[in-house]
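Engineer: Sharing a structure, written as structure tokens. Questions coming.
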Amino acid sequence: MGPLFPQEIINEEFNLIFAFLIGIGFGFLLEAAGFTNTRKLAGVFYGYDATVIKVFFTAALTALIGLFIMHNLGWIDLTLTFYPKTFWIATLVGGIIMGAGFVIGGFCPGTSLSAASTGKVDAMVFIGGVLLGIFGFIFTYDFLWKELRVAGAMGKVNITEWLGILEGVFIFLFVLMGVAMFYLFQKWQDWWQKRMSKEDLDELGL
């Protein structure tokens, strides 16, 4: 991340301090929102709790609209933003593997660290699994993952240029999609919760 401020104003060391404080704040908010509870994240996949998906869609919409406005006001220059090249096949496979890890473990990498800091043993085991996966990837890279990592190469893709539409139009459509997703996930959650017993709802904190 960063730098948060031009180096002429605040040097690299202070930028790291700011990043550290932001990380603490982010972890605190994850814990306060209940995201360090495995039932919360698993609830998205099982259908009984749509809180996580709502929060992430809200964050994406807020960042998208905020960056668009600040860019057009001249406060930031989005052309200087770094984003990696797109490899759609590798991304799809990686997403499936990571999604499976979410369902099985009940954490994502960020929430597992926050949960582990509160002393949750299952989160510590999850982090161990993450490290095992990282080292497994490293040691099997040459004969298992090397070709897959660059599969589906598309170069640097700007989604609005790729779709051939204006940025404002894309943001408007994304907002509409977000509102529709909120509505559908809420209906899905309500449907599932009606099928669950009061004991199950109480156990899940719903």
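Engineer: Checking the condition touching a helix residue (DSSP H, G or I) at 6+ places or on another chain (Cβ under 8 Å), under 18 Å from Y48 (Cβ atoms) and part of a helix (DSSP H, G or I), which residue from F182, F126, F107 passes?
Structural biologist: F182
Engineer: Suppose the filter is in a helix (DSSP H, G or I), in contact (Cβ under 8 Å) with a residue 40 or more places away in the chain, surrounded by 11 or more Cβ atoms within 10 Å (Cβ to Cβ) and in contact with a Gly (Cβ under 7 Å, 6 or more places away or on another chain); does A90 pass it?
Structural biologist: The answer is yes for A90.
Engineer: So which residues in segment 148-171 are over 20 Å from I89 (Cβ atoms) and either touching a residue at least 24 places away in the same chain (Cβ under 8 Å) or exposed (fewer than 13 other Cβ atoms within 10 Å of the Cβ) (or both), if there are any at all?
Structural biologist: Those that are over 20 Å from I89 (Cβ atoms) and either touching a residue at least 24 places away in the same chain (Cβ under 8 Å) or exposed (fewer than 13 other Cβ atoms within 10 Å of the Cβ) (or both): E161, G164, L166, E167, G168, V169, I171.
Engineer: Scan segment 146-161 residue by residue and report those that are within 23 Å of the chain's Cα centre (by Cα) and assigned to a helix (DSSP H, G or I).
Structural biologist: Scanning segment 146-161 gives L148, R149, I159, T160.
Engineer: Under 6 Å by Cβ, and 6 or more places apart or on different chains, what pairs join a residue from segment 114-142 that is under 18 Å from F26 (Cβ atoms) with one that is of a type in the set (D, E)?
Structural biologist: Pairs that qualify, where the first residue is under 18 Å from F26 (Cβ atoms) and the partner is of a type in the set (D, E), are S114/E31.
Engineer: Could you list, in sequence order, all residues of segment 44-83 that are in a loop (DSSP other than H, G, I, E, B) and loosely packed, with under 11 Cβ neighbours inside 10 Å?
Structural biologist: Hits for segment 44-83 are L73, G74, W75, D77, T81, F82, Y83.
Since every read-out is calculated from the coordinates, none of them should be taken as a lab result. These figures come from a predicted structure and were not determined experimentally. Cβ coordinates were reconstructed from backbone atoms using ideal geometry, including for glycine residues, and neighbour counts include every protein chain displayed.
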